[in-house]
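*Asks:* Dropping a structure here in C-alpha coordinates format, bear with me for questions.
The values are calculated or read from the model by the stated rules, or taken from the named source; none is laboratory data. Source: prediction; values computed, not measured. Glycine also receives a Cβ, built like all others from the backbone with ideal geometry; neighbour counts cover every protein chain displayed. What goes into the accessible areas is simple: the full protein's heavy atoms, side chains included, and nothing from ligands, DNA or RNA. Shrake-Rupley method; radii C 1.70, N 1.55, O 1.52, S 1.80 Å.
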Amino acid sequence: MSASGGAKAIVAALAANLAIAVSKFVAFVFSGSSSMLAEGVHSLADSGNQFLLLIGGKKAQREATPQHPFGYGRERYIYAFLVSIVLFSVGGMFAVYEGYEKIRHPHELEHWYWPVGVLVFAIIAEGFSFRTAIKESNQLRGRLSWGQFIKRAKAPELPVVLLEDFGALIGLVLALLGVGLTLATGDGVWDGIGTLCIGLLLITIAIVLALETKSLLLGEAAGTEEVEKIEKAVVDGETVTGLIHMRTLHLGPEELLVAAKVAVQHDDTAAEVARAINEAEARIRAAVPIARVIYLEPDIYSEAEATKGPDRDATPGGPGPSTDEH
(Lines give C-alpha, C1' and ligand atoms only; values in the text may rest on other atoms or scores of the structure.)
Protein backbone atom coordinates (compact mmCIF):
# COMPACT_ATOMS: atom_id res chain seq x y z
CA MET A 1 0.00 0.00 0.00
CA SER A 2 1.22 3.50 -0.79
CA ALA A 3 2.24 5.98 1.86
CA SER A 4 -1.07 7.84 1.44
CA GLY A 5 -2.82 4.63 2.44
CA GLY A 6 -1.33 4.87 5.94
CA ALA A 7 -0.14 1.25 6.13
CA LYS A 8 1.92 2.06 9.22
CA ALA A 9 -1.10 3.53 10.99
CA ILE A 10 -3.24 0.52 10.05
CA VAL A 11 -0.71 -2.00 11.35
CA ALA A 12 -0.26 -0.02 14.58
CA ALA A 13 -4.04 0.10 15.09
CA LEU A 14 -4.36 -3.62 14.33
CA ALA A 15 -1.70 -4.61 16.87
CA ALA A 16 -3.21 -2.38 19.54
CA ASN A 17 -6.77 -3.57 18.95
CA LEU A 18 -5.90 -7.27 19.04
CA ALA A 19 -4.08 -6.89 22.35
CA ILE A 20 -6.84 -4.73 23.80
CA ALA A 21 -9.62 -7.07 22.63
CA VAL A 22 -8.07 -10.03 24.45
CA SER A 23 -7.60 -8.04 27.66
CA LYS A 24 -11.20 -6.73 27.57
CA PHE A 25 -12.73 -10.17 27.13
CA VAL A 26 -10.66 -11.47 30.04
CA ALA A 27 -11.86 -8.55 32.14
CA PHE A 28 -15.49 -9.27 31.16
CA VAL A 29 -15.18 -12.92 32.19
CA PHE A 30 -13.87 -12.00 35.65
CA SER A 31 -15.99 -8.90 36.30
CA GLY A 32 -19.23 -9.35 34.36
CA SER A 33 -19.03 -5.73 33.16
CA SER A 34 -21.21 -5.12 30.09
CA SER A 35 -19.01 -2.13 29.25
CA MET A 36 -16.09 -4.53 29.01
CA LEU A 37 -18.07 -6.87 26.76
CA ALA A 38 -19.15 -4.01 24.48
CA GLU A 39 -15.63 -2.61 24.40
CA GLY A 40 -14.21 -6.09 23.67
CA VAL A 41 -16.56 -6.54 20.71
CA HIS A 42 -15.68 -3.00 19.60
CA SER A 43 -11.95 -3.78 19.63
CA LEU A 44 -12.54 -7.08 17.85
CA ALA A 45 -14.59 -5.27 15.18
CA ASP A 46 -11.84 -2.67 14.85
CA SER A 47 -9.27 -5.44 14.33
CA GLY A 48 -11.44 -6.89 11.57
CA ASN A 49 -11.75 -3.43 10.07
CA GLN A 50 -7.98 -3.06 9.86
CA PHE A 51 -7.79 -6.43 8.10
CA LEU A 52 -10.41 -5.18 5.63
CA LEU A 53 -8.39 -2.04 4.93
CA LEU A 54 -5.24 -4.08 4.31
CA ILE A 55 -7.12 -6.47 2.00
CA GLY A 56 -8.61 -3.53 0.09
CA GLY A 57 -5.17 -1.96 -0.35
CA LYS A 58 -3.79 -5.25 -1.68
CA LYS A 59 -6.64 -5.87 -4.12
CA ALA A 60 -6.45 -2.30 -5.42
CA GLN A 61 -2.92 -2.96 -6.71
CA ARG A 62 -4.09 -5.45 -9.33
CA GLU A 63 -3.34 -4.63 -12.95
CA ALA A 64 -6.08 -3.37 -15.25
CA THR A 65 -7.93 -5.96 -17.34
CA PRO A 66 -10.09 -5.73 -20.48
CA GLN A 67 -13.15 -6.05 -18.25
CA HIS A 68 -11.85 -3.38 -15.84
CA PRO A 69 -9.75 -1.12 -18.08
CA PHE A 70 -9.30 1.56 -15.43
CA GLY A 71 -7.95 -0.88 -12.86
CA TYR A 72 -9.10 -1.68 -9.34
CA GLY A 73 -8.19 1.48 -7.43
CA ARG A 74 -11.72 1.87 -6.08
CA GLU A 75 -11.47 -1.43 -4.20
CA ARG A 76 -10.06 0.65 -1.35
CA TYR A 77 -13.26 2.68 -1.23
CA ILE A 78 -15.41 -0.46 -1.20
CA TYR A 79 -13.53 -2.01 1.71
CA ALA A 80 -13.59 1.28 3.61
CA PHE A 81 -17.37 1.34 3.17
CA LEU A 82 -17.54 -2.21 4.53
CA VAL A 83 -15.66 -0.95 7.59
CA SER A 84 -18.41 1.58 8.27
CA ILE A 85 -21.03 -1.19 8.04
CA VAL A 86 -19.11 -3.42 10.46
CA LEU A 87 -18.58 -0.53 12.86
CA PHE A 88 -22.29 0.31 12.76
CA SER A 89 -23.64 -3.23 13.17
CA VAL A 90 -21.07 -5.25 15.12
CA GLY A 91 -19.76 -2.34 17.17
CA GLY A 92 -22.51 0.24 17.58
CA MET A 93 -25.73 -1.78 17.51
CA PHE A 94 -24.30 -4.52 19.74
CA ALA A 95 -23.20 -1.95 22.33
CA VAL A 96 -26.61 -0.26 22.28
CA TYR A 97 -28.31 -3.62 22.84
CA GLU A 98 -25.94 -4.53 25.69
CA GLY A 99 -26.39 -1.15 27.32
CA TYR A 100 -30.18 -1.40 27.10
CA GLU A 101 -30.16 -4.88 28.64
CA LYS A 102 -27.80 -3.79 31.43
CA ILE A 103 -30.01 -0.82 32.27
CA ARG A 104 -33.03 -3.12 32.46
CA HIS A 105 -31.23 -5.79 34.47
CA PRO A 106 -28.32 -4.17 36.36
CA HIS A 107 -25.99 -6.18 38.56
CA GLU A 108 -22.93 -5.41 40.64
CA LEU A 109 -19.42 -5.69 39.25
CA GLU A 110 -17.22 -8.51 40.45
CA HIS A 111 -13.45 -8.14 40.69
CA TRP A 112 -13.63 -4.44 39.76
CA TYR A 113 -9.86 -4.17 39.42
CA TRP A 114 -9.97 -6.21 36.20
CA PRO A 115 -12.02 -3.73 34.13
CA VAL A 116 -10.26 -0.72 35.63
CA GLY A 117 -6.80 -2.16 34.91
CA VAL A 118 -7.74 -3.20 31.38
CA LEU A 119 -9.29 0.18 30.60
CA VAL A 120 -6.16 2.01 31.73
CA PHE A 121 -4.02 -0.34 29.61
CA ALA A 122 -6.36 0.11 26.64
CA ILE A 123 -6.29 3.90 26.88
CA ILE A 124 -2.48 3.83 26.79
CA ALA A 125 -2.40 1.40 23.82
CA GLU A 126 -5.05 3.31 21.86
CA GLY A 127 -3.21 6.53 22.62
CA PHE A 128 -0.08 5.19 20.92
CA SER A 129 -2.15 4.00 17.96
CA PHE A 130 -3.91 7.37 17.70
CA ARG A 131 -0.57 9.16 17.90
CA THR A 132 0.73 7.07 14.97
CA ALA A 133 -2.38 7.86 12.91
CA ILE A 134 -1.99 11.59 13.63
CA LYS A 135 1.70 11.50 12.69
CA GLU A 136 0.97 9.71 9.40
CA SER A 137 -1.93 12.05 8.60
CA ASN A 138 0.08 15.20 9.27
CA GLN A 139 2.36 14.27 6.37
CA LEU A 140 -0.61 14.73 4.02
CA ARG A 141 -2.88 17.13 5.91
CA GLY A 142 -0.89 20.30 5.31
CA ARG A 143 -2.81 23.34 6.50
CA LEU A 144 -6.20 21.65 6.43
CA SER A 145 -8.17 21.30 9.63
CA TRP A 146 -8.87 17.78 10.80
CA GLY A 147 -12.47 18.03 9.63
CA GLN A 148 -11.37 19.25 6.20
CA PHE A 149 -8.76 16.50 5.97
CA ILE A 150 -11.29 13.76 6.70
CA LYS A 151 -13.75 15.27 4.22
CA ARG A 152 -11.26 15.89 1.38
CA ALA A 153 -8.90 12.91 1.72
CA LYS A 154 -9.03 10.69 -1.37
CA ALA A 155 -7.28 7.78 0.38
CA PRO A 156 -9.89 6.41 2.83
CA GLU A 157 -7.61 4.48 5.19
CA LEU A 158 -6.21 7.30 7.29
CA PRO A 159 -9.59 8.97 7.96
CA VAL A 160 -10.99 5.56 8.91
CA VAL A 161 -8.15 4.82 11.35
CA LEU A 162 -8.27 8.34 12.77
CA LEU A 163 -12.00 8.20 13.48
CA GLU A 164 -11.81 4.63 14.82
CA ASP A 165 -8.98 5.49 17.21
CA PHE A 166 -10.68 8.70 18.28
CA GLY A 167 -13.93 6.82 18.89
CA ALA A 168 -12.07 4.09 20.76
CA LEU A 169 -10.42 6.58 23.11
CA ILE A 170 -13.69 8.37 23.86
CA GLY A 171 -15.41 5.00 24.30
CA LEU A 172 -12.77 3.85 26.76
CA VAL A 173 -13.20 6.99 28.80
CA LEU A 174 -16.99 6.44 28.82
CA ALA A 175 -16.50 2.83 29.87
CA LEU A 176 -14.13 3.87 32.66
CA LEU A 177 -16.64 6.49 33.79
CA GLY A 178 -19.46 3.92 33.77
CA VAL A 179 -17.43 1.40 35.76
CA GLY A 180 -16.29 4.09 38.19
CA LEU A 181 -19.82 5.34 38.86
CA THR A 182 -21.01 1.76 39.31
CA LEU A 183 -18.32 1.16 41.92
CA ALA A 184 -19.00 4.48 43.65
CA THR A 185 -22.79 4.08 43.82
CA GLY A 186 -23.16 0.32 43.82
CA ASP A 187 -25.71 0.70 41.02
CA GLY A 188 -24.97 -1.32 37.86
CA VAL A 189 -27.21 0.97 35.80
CA TRP A 190 -24.26 3.31 35.32
CA ASP A 191 -22.32 0.53 33.60
CA GLY A 192 -25.25 0.09 31.22
CA ILE A 193 -25.47 3.84 30.57
CA GLY A 194 -21.76 3.89 29.73
CA THR A 195 -22.25 0.99 27.34
CA LEU A 196 -25.22 2.70 25.69
CA CYS A 197 -23.19 5.89 25.17
CA ILE A 198 -20.39 3.86 23.58
CA GLY A 199 -22.88 2.35 21.13
CA LEU A 200 -24.33 5.73 20.15
CA LEU A 201 -20.81 7.10 19.65
CA LEU A 202 -19.83 4.20 17.37
CA ILE A 203 -23.02 4.54 15.35
CA THR A 204 -22.32 8.25 14.83
CA ILE A 205 -18.76 7.58 13.65
CA ALA A 206 -20.00 4.79 11.37
CA ILE A 207 -22.50 7.12 9.72
CA VAL A 208 -19.84 9.79 9.15
CA LEU A 209 -17.52 7.19 7.58
CA ALA A 210 -20.32 5.80 5.41
CA LEU A 211 -21.24 9.25 4.07
CA GLU A 212 -17.65 10.19 3.26
CA THR A 213 -16.88 6.83 1.64
CA LYS A 214 -20.11 6.95 -0.35
CA SER A 215 -18.92 10.22 -1.90
CA LEU A 216 -15.65 8.55 -2.92
CA LEU A 217 -17.50 5.57 -4.38
CA LEU A 218 -19.72 7.84 -6.46
CA GLY A 219 -16.59 9.49 -7.86
CA GLU A 220 -14.94 12.69 -6.70
CA ALA A 221 -13.11 15.25 -8.79
CA ALA A 222 -9.53 16.29 -8.23
CA GLY A 223 -8.83 18.80 -5.47
CA THR A 224 -8.73 22.53 -6.16
CA GLU A 225 -4.92 22.66 -6.22
CA GLU A 226 -4.67 19.77 -8.69
CA VAL A 227 -7.29 21.32 -10.97
CA GLU A 228 -5.42 24.63 -11.01
CA LYS A 229 -2.14 22.86 -11.86
CA ILE A 230 -3.77 20.96 -14.72
CA GLU A 231 -5.38 24.12 -16.11
CA LYS A 232 -2.01 25.90 -16.14
CA ALA A 233 -0.18 22.92 -17.63
CA VAL A 234 -2.54 22.16 -20.49
CA VAL A 235 -2.16 25.52 -22.29
CA ASP A 236 1.09 26.40 -24.05
CA GLY A 237 -0.16 29.63 -25.62
CA GLU A 238 0.95 28.56 -29.09
CA THR A 239 -0.84 25.51 -30.45
CA VAL A 240 -3.04 24.90 -27.42
CA THR A 241 -4.40 28.39 -26.89
CA GLY A 242 -7.00 27.75 -24.24
CA LEU A 243 -9.04 25.32 -22.19
CA ILE A 244 -12.68 25.11 -23.28
CA HIS A 245 -13.86 22.81 -20.50
CA MET A 246 -12.52 20.00 -18.34
CA ARG A 247 -13.65 17.23 -16.03
CA THR A 248 -11.57 15.17 -13.59
CA LEU A 249 -12.40 11.96 -11.74
CA HIS A 250 -10.54 9.88 -9.17
CA LEU A 251 -10.30 6.28 -10.39
CA GLY A 252 -8.60 5.53 -7.08
CA PRO A 253 -6.73 7.46 -4.39
CA GLU A 254 -3.60 7.73 -6.56
CA GLU A 255 -5.10 7.60 -10.04
CA LEU A 256 -6.81 10.51 -11.73
CA LEU A 257 -8.71 10.67 -15.02
CA VAL A 258 -8.57 13.97 -16.91
CA ALA A 259 -10.90 14.69 -19.83
CA ALA A 260 -10.77 18.09 -21.51
CA LYS A 261 -11.60 19.94 -24.68
CA VAL A 262 -8.79 22.31 -25.65
CA ALA A 263 -8.70 25.16 -28.11
CA VAL A 264 -6.28 25.06 -31.06
CA GLN A 265 -5.62 27.39 -33.99
CA HIS A 266 -7.98 26.89 -36.93
CA ASP A 267 -5.13 26.66 -39.43
CA ASP A 268 -2.96 24.16 -37.50
CA THR A 269 -2.16 20.93 -39.30
CA ALA A 270 -3.14 17.53 -37.90
CA ALA A 271 0.51 16.80 -37.15
CA GLU A 272 0.88 20.05 -35.21
CA VAL A 273 -2.28 19.39 -33.20
CA ALA A 274 -1.22 15.80 -32.40
CA ARG A 275 2.19 16.98 -31.23
CA ALA A 276 0.62 19.72 -29.09
CA ILE A 277 -1.77 17.22 -27.49
CA ASN A 278 1.11 14.87 -26.61
CA GLU A 279 3.11 17.74 -25.15
CA ALA A 280 0.10 18.94 -23.14
CA GLU A 281 -0.34 15.43 -21.70
CA ALA A 282 3.32 15.37 -20.69
CA ARG A 283 2.98 18.75 -18.96
CA ILE A 284 -0.13 17.58 -17.09
CA ARG A 285 1.60 14.42 -15.84
CA ALA A 286 4.62 16.43 -14.75
CA ALA A 287 2.41 18.87 -12.83
CA VAL A 288 0.08 16.21 -11.35
CA PRO A 289 1.76 12.76 -11.39
CA ILE A 290 -1.43 10.91 -10.40
CA ALA A 291 -3.08 12.08 -13.66
CA ARG A 292 -2.50 8.76 -15.40
CA VAL A 293 -5.47 8.59 -17.78
CA ILE A 294 -5.80 11.67 -19.99
CA TYR A 295 -8.19 12.37 -22.85
CA LEU A 296 -7.73 15.67 -24.69
CA GLU A 297 -10.02 16.70 -27.53
CA PRO A 298 -8.86 19.54 -29.82
CA ASP A 299 -11.45 22.00 -31.05
CA ILE A 300 -11.80 25.52 -32.41
CA TYR A 301 -12.64 27.84 -29.55
CA SER A 302 -16.16 29.22 -29.49
CA GLU A 303 -17.36 31.18 -26.48
CA ALA A 304 -20.93 30.03 -27.05
CA GLU A 305 -19.91 26.37 -27.12
CA ALA A 306 -17.59 26.75 -24.13
CA THR A 307 -20.50 27.89 -21.98
CA LYS A 308 -22.45 24.72 -22.85
CA GLY A 309 -19.96 22.57 -20.98
CA PRO A 310 -18.74 19.04 -21.60
CA ASP A 311 -22.11 17.59 -22.58
CA ARG A 312 -21.53 18.97 -26.07
CA ASP A 313 -19.17 16.60 -27.87
CA ALA A 314 -18.40 18.69 -30.92
CA THR A 315 -18.65 22.25 -32.14
CA PRO A 316 -20.79 22.71 -35.27
CA GLY A 317 -18.49 23.48 -38.12
CA GLY A 318 -15.42 22.53 -36.13
CA PRO A 319 -13.38 19.34 -36.10
CA GLY A 320 -15.00 16.17 -34.79
CA PRO A 321 -13.98 14.59 -31.52
CA SER A 322 -10.52 13.12 -31.45
CA THR A 323 -9.21 11.61 -28.23
CA ASP A 324 -5.73 10.50 -27.41
CA GLU A 325 -4.66 8.39 -24.44
CA HIS A 326 -1.20 7.27 -23.38
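*Asks:* Restrict the search to segment 1-100; then list the GluC sites (Glu not before Pro) that DSSP places in a loop and that have at most 11 other Cβ atoms within 10 Å of their Cβ.
*Replies:* Taking segment 1-100 and a limit of 11 other Cβ atoms within 10 Å, the loop GluC sites (Glu not before Pro) found are 63.
*Asks:* Another question, if that's okay. How many nm is it between the label spots at residue 204 and residue 139, if each spot is 7 Å from the Cα in line with the beta carbon?
*Replies:* 3.1
*Asks:* Now for a different question. Starting from the Cα-Cα distance between residue 220 and residue 65, subtract it from 0.36 nm times their residue separation and give me the gain in nm to one decimal.
*Replies:* Using 0.36 nm per residue and subtracting the Cα-Cα distance, I get 53.5 nm.
*Asks:* Let me ask something else. Using every alpha carbon pair in segment 1-105, what percent of pairs falls into each 10 Å bin from 0 up to the bin containing the largest distance?
*Replies:* 15, 35, 27, 15, 6, 2
*Asks:* Could you size up the charge dipole of the chain around its Cα centre, putting +1 on the beta carbon of Lys and Arg and -1 on that of Asp and Glu, and report it in debye to the nearest 20?
*Replies:* Approximately 780 debye in magnitude.
*Asks:* Here's something else I'd like to know. How long is the gain from residue 287 to residue 85 if the chain were fully straight, where each residue apart is worth 0.36 nm and the alpha carbon distance is subtracted?
*Replies:* 69.0 nm
*Asks:* What do you get for GluC sites (Glu not before Pro) in segment 140-245 restricted to DSSP loop and a cutoff of at most 16 other Cβ within 10 Å of the site's Cβ?
*Replies:* 220, 238
*Asks:* Take residue 19, project a point 7 Å from its Cα along the Cβ direction, then tell me which residues of segment 109-151 have their backbone nitrogen under 20 Å from it.
*Replies:* Only 114-136 pass the distance filter.
*Asks:* Which shape class, rounded, prolate or oblate, goes with the chain when its Cα gyration tensor gives a ≥ b ≥ c as root eigenvalues, a/c under 1.5 marks rounded, and past that a/b bigger than b/c marks prolate?
*Replies:* Verdict is prolate for the chain.
*Asks:* May I pose another question? Specify the angular offset, from 0 to 90 degrees and rounded to the nearest 10, of the alpha carbon long axis of helix 157-185 from the longest principal axis of the alpha carbons in the chain.
*Replies:* Rounded to the nearest ten degrees, it is 20.
*Asks:* Say each of residue 241 and residue 55 gets a label point 7 Å from the Cα, pointing the same way as Cα to Cβ; how far apart are those two points in nm?
*Replies:* Modelled inter-label distance: 5.6 nm.
*Asks:* Going by average Cβ neighbours within 10 Å, how do the peptides 184-191, 247-254 rank, with the highest at the top?
*Replies:* Highest mean packing first, the order is 247-254, 184-191.
*Asks:* Check each of the trypsin sites (Lys or Arg not before Pro) in segment 1-85 and keep only those in coil by DSSP with at most 15 other C-beta atoms within 10 angstrom; list them in order.
*Replies:* When the trypsin sites (Lys or Arg not before Pro) of segment 1-85 are filtered for loop state and at most 15 Cβ neighbours within 10 Å, 62 remain.
*Asks:* Give me the 1.4 Å probe accessible area per residue for the chain, excluding ligands and nucleic acids, in Å².
*Replies:* 48
*Asks:* Okay, moving on. Tally up the carbon and sulfur contribution to the accessible surface of the chain as a whole percent, 1.4 Å probe, everything protein left in place.
*Replies:* On the chain, the fraction of accessible area on carbon and sulfur atoms equals 63 percent.
*Asks:* Right, here's the next one. Given segment 27-76, report the % of alpha carbon pairs whose separation exceeds 12 Å.
*Replies:* 70
*Asks:* A follow-up question, please. Of 84, 37, 55, which is farthest on the positive side of the dipole of segment 17-91, counting Cα position, with +1 on Lys and Arg Cβ, -1 on Asp and Glu Cβ, and the Cα centre as origin?
*Replies:* Going by the charge dipole, the pick is 55.
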